[in-house]
1. How much accessible area per residue does segment A:1-57 have, in Å², with a 1.4 Å probe?
2. Of the heavy-atom accessible surface of segment A:1-57 (probe 1.4 angstrom), what whole percent is carbon and sulfur?
3. Mind listing the long-range amide H neighbours of B:THR37? Cut-off is under 5 Å, sequence gap 5 or more, other chains count too, H placed in the peptide plane at 1.01 Å from N.
4. Find the sum over both chains of the accessible area lost when B and A are paired, probe 1.4 Å, and report it in Å² to the nearest 100.
5. Note down the nm distance, to one decimal, between modelled labels 7 Å out along Cα→Cβ at A:HIS106 and at B:THR37.
6. Would you give the gap between the C-alpha center of segment B:1-53 and the C-alpha center of segment A:60-125, rounded to a whole Å?
7. Distance in nm between label sites at A:MET127 and B:ASN64, each 7 Å beyond Cα in the beta-carbon direction?
8. Can you tell me the convex hull volume per residue for chain A, based on C-alpha atoms, in Å³ to the nearest whole number?
Number of protein chains: 2
Amino acid sequence: MNIGDAADLSGLPAKTIRYYEDIGLVKPLRSSNGYRTFRESDAHKLAFLGRARALGFTIEDCRNLLALYEDEERASAVVKEIAKQHLERIDGKIAELKEMRATLAHLVQECAGDHRPDCPILADLAMKRCDEDDRRKST
Amino acid sequence: MNIGDAADLSGLPAKTIRYYEDIGLVKPLRSSNGYRTFRESDAHKLAFLGRARALGFTIEDCRNLLALYEDEERASAVVKEIAKQHLERIDGKIAELKEMRATLAHLVQECAGDHRPDCPILADLAMKRCDEDDRRKST
DNA sequence: CGTTGACCTTCCAGCGGGGGGAACCAATAG
DNA sequence: CTATTGGTTCCCCCCGCTGGAAGGTCAACG
């Protein structure tokens with residue numbers, strides 16, 4: 001099948017599929033007219049990649065996961081380890097975002113949001129770090 | 001003051017400060033030897049930018065926030081609106097990450113993680129979307 | 001006076017993970 | 001025969017920096 005069909009089957013844009021070939025994630029054949037020719041297994045791999053990417057795995061994780069998938073003798077422990085590390089990355093990001101969110105939500109709540117120029121949001125951003133007393137008082 | 005001092009005061013790497021000048025966020029003077037010369041106000045702006053970035057605001061948001069900060073006649077409503085939109089972006093990302101996390105945590109939990117090759121993580125990634133029955137059963 | 005080393009300058013490349021679009025061939029329908 | 005839809009390669013662009021090369025400047029030391 002051609003790249004368009006592979007794109008439809010896998011749900012990935014053709015551009016992305018070409019990119020994945022470029023970086024060696026898939027290796028479709030070529031027909032005499034120069035078109036990429038995807039086997040069932042290639043389309044299957046692409047769908048695999050799409051799902052792994054949707055879970056936020058990096059390309060390198062995907063490469064490893066794909067290799068493990070192909071390896072009938074893998075130990076599931078290896079797969080689990082990759083997933084666990086990714087889970088930690090996700091947890092880290094969530095924690096980071098939540099902290100931002102908390103600070104920001106607090107500031108938004110404090111801000112009158114009217115025609116007047118007084119704005120605790122700007123005041124906080126402008127806060128000099130030598131004003132530690134102020135921070136201790138308000139925190 | 002030179003870029004190194006500005007970097008120390010603002011907490012930003014010198015590279016980043018040069019970049020911020022490049023994109024017009026700060027406009028330090030130049031002394032006769034070609035070195036950038038930062039006023040107190042420049043260092044202050046850089047610190048402002050650092051804190052805005054730490055809250056996850058985009059560079060364009062920062063540009064707007066900085067302009068509002070400089071504008072004594074701003075309406076706090078405008079600032080608040082920027083912050084609220086950013087808050088929504090953050091909430092969106094958190095939701096997305098939490099969904100990933102839930103899926104992934106479930107799979108990790110299911111996986112034995114031993115020497116055997118059977119792995120529900122890989123099985124899920126490899127799951128063909130035509131297997132809708134299976135998904136309905138397990139969901 | 002020379003030299004060392006810390007600082008500064010510019011420019012160019014690259015990260016991840018593709019997206020947009022040009023310029024060009026191939027296949028097919030009417 | 002032409003129009004349309006596909007495919008191909010190519011290179012630049014996005015964000016927000018970061019690293020490195022090649023070179024200029026300045027203060028201190030001997």
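1. Numbers: 2990 Å² over 57 residues.
Using a 1.4 Å probe on heavy atoms only, each residue of segment A:1-57 averages 53 Å².
2. Working: 1510 of 2990 Å².
The value for segment A:1-57 is 50 percent carbon and sulfur by accessible area.
3. B:LEU29, B:ARG30, B:SER31
4. On the way: alone 10330 and 10320 Å², together 16130 Å².
Using a 1.4 Å probe on protein heavy atoms, the buried area is about 4500 Å².
5. 4.0
6. Value for the Cα centre distance between the two parts: 29 Å.
7. 2.3
8. Numbers: hull volume 28.0 nm³, N = 139.
So the per-residue hull volume is 202 Å³.
The values are calculated or read from the model by the stated rules, or taken from the named source; none is laboratory data. All figures in this text were calculated on a predicted structure; none of them were measured in a lab. Cβ coordinates were reconstructed from backbone atoms using ideal geometry, including for glycine residues, and neighbour counts include every protein chain displayed. Areas reflect the complete protein model, heavy atoms only, side chains present, ligands, DNA and RNA absent. Shrake-Rupley method; radii C 1.70, N 1.55, O 1.52, S 1.80 Å.
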